[in-house]
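Engineer: Below you will find the structure I want to go over with you.
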Amino acid sequence: MNEKNESEVHLPVETHPWPPFVPEGARVLIMGTFPPAPKRWSMDFYYPNPTNDFWRIAGLVFMGDATALYDAGRKCFRLDDVRALMAAHHVALHDTCRCIRRLQGNASDKYLEVVEPVDLASLIGRMPDCCDIATTGEKAANVVAELTGTRVPSMGEYVEADAFGRHLRIWRMPSTSRAYPLRLERKAEYYKRLWDACGC
């Protein structure tokens, strides 16, 4: 074993902190890679970093206001409103990795080692109305492609697959991280197309 691999083996393994969010009648499963470190959280839920654009995109698409879910005074998203919005639109949330190592100690997907992927078959089995999976970023897209035996689709597009006992559309969405160089409004266009196609 070389020196780099030896050091990586001794990095701590992190296990995903949250159960899947699966509202009744979920039609689409949105999958990121893994949450950032707890010091980056503004709430105990998916996309917790206040600089991440996911909840601004959801506010813009579903409520016509990118700041609709954000509490500027507390500098955090309003968790009750976030959960209610996703439930109302039948959007489920989880991540593609159950266990990871942070090779550089940060949240960058580039430096996340996938130790154990999520049990996607079991997760989909909990959502009888869900025939769409959408990944938020390149690494998440690669993990789902491996789990489903499909190719990674082009940005904003989907591939079809027969997996886990049903016919699925597997979408690739732009990363909601601020590090991804795309305007918020353009990202929202991609997500609106997805959610419209899924009847959300």
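Engineer: Answer yes or no: is there a residue in the range 125-132 that is of a type outside the set (S, T, N, Q), over 30 Å from PRO50 (Cβ atoms), modelled with pLDDT under 95 and surrounded by 15 or more Cβ atoms within 10 Å (Cβ to Cβ).
Structural biologist: Scanning the range 125-132 turns up no residue that is of a type outside the set (S, T, N, Q), over 30 Å from PRO50 (Cβ atoms), modelled with pLDDT under 95 and surrounded by 15 or more Cβ atoms within 10 Å (Cβ to Cβ).
Engineer: I want to confirm something. Restricting to the range 162-173 and keeping residues that are modelled with pLDDT of 95 or more and surrounded by 14 or more Cβ atoms within 10 Å (Cβ to Cβ), which single residue is nearest to ASP53 (Cα to Cα)?
Structural biologist: MET173
Engineer: Now a separate question. If a residue has to be farther than 15 Å from ILE124 by Cβ and assigned to a loop (DSSP other than H, G, I, E, B) to count, how many in the range 136-167 make the cut?
Structural biologist: 8
Engineer: Quick one: is GLY73 on the phi > 0 side of the Ramachandran plot, modelled with pLDDT under 95 and of a type in the set (Gly, Ala, Ser)?
Structural biologist: Judged against the criteria, GLY73 is not a match.
Engineer: Further question: Which condition from (1) at pLDDT 95 or above; (2) over 24 Å from CYS200 (Cα atoms); (3) crowded, with 17+ Cβ neighbours inside 10 Å is the one that VAL28 breaks?
Structural biologist: Of the numbered conditions (1) at pLDDT 95 or above; (2) over 24 Å from CYS200 (Cα atoms); (3) crowded, with 17+ Cβ neighbours inside 10 Å, the odd one out for VAL28 is (2).
Engineer: Specify the residue that is surrounded by the fewest Cβ atoms within 10 Å (Cβ to Cβ); the eligible residues are those in the range 58-117 that are β-branched (Val, Ile, Thr) and either in a strand (DSSP E or B) or in contact with a Ser or Thr (Cβ under 7 Å, 6 or more places away or on another chain) (or both).
Structural biologist: VAL115
Engineer: Ok, one more. Return the only residue of ALA121, ALA141, ALA179 being surrounded by 20 or more Cβ atoms within 10 Å (Cβ to Cβ) and among the small types (Gly, Ala, Ser).
Structural biologist: After ruling out the rest, the residue left standing is ALA141.
Engineer: Here's something else I'd like to know. Are any residues in the range 46-57 in a loop (DSSP other than H, G, I, E, B), in contact (Cβ under 8 Å) with a residue 40 or more places away in the chain and within 21 Å of VAL28 (Cβ to Cβ), and if so, which ones?
Structural biologist: Within the range 46-57, TYR46, TYR47, ASN52, ASP53 meet the criteria.
One line per residue, one yes/no per condition, for (1) over 19 Å from ALA58 (Cβ atoms); (2) in contact (Cβ under 8 Å) with a residue 40 or more places away in the chain:
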| site | (1), (2) |
| --- | --- |
| GLU113 | yes, yes |
| SER122 | yes, no |
| THR136 | no, yes |
| VAL144 | yes, yes |
| GLU160 | yes, no |
| ARG166 | yes, yes |
| PRO181 | yes, no |
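Engineer: Just one of (1) of a type in the set (Gly, Ala, Ser); (2) surrounded by 18 or more Cβ atoms within 10 Å (Cβ to Cβ); (3) touching a residue at least 40 places away in the same chain (Cβ under 8 Å) trips up ALA37, so point out which.
Structural biologist: Of (1) of a type in the set (Gly, Ala, Ser); (2) surrounded by 18 or more Cβ atoms within 10 Å (Cβ to Cβ); (3) touching a residue at least 40 places away in the same chain (Cβ under 8 Å), only one is false for ALA37: (2).
The values are calculated or read from the model by the stated rules, or taken from the named source; none is laboratory data. Quick caveat: nothing in here was measured; it's all calculated off a predicted structure. Counting neighbours? That spans all protein chains shown, and the Cβs are built from the backbone with ideal geometry, glycine included.
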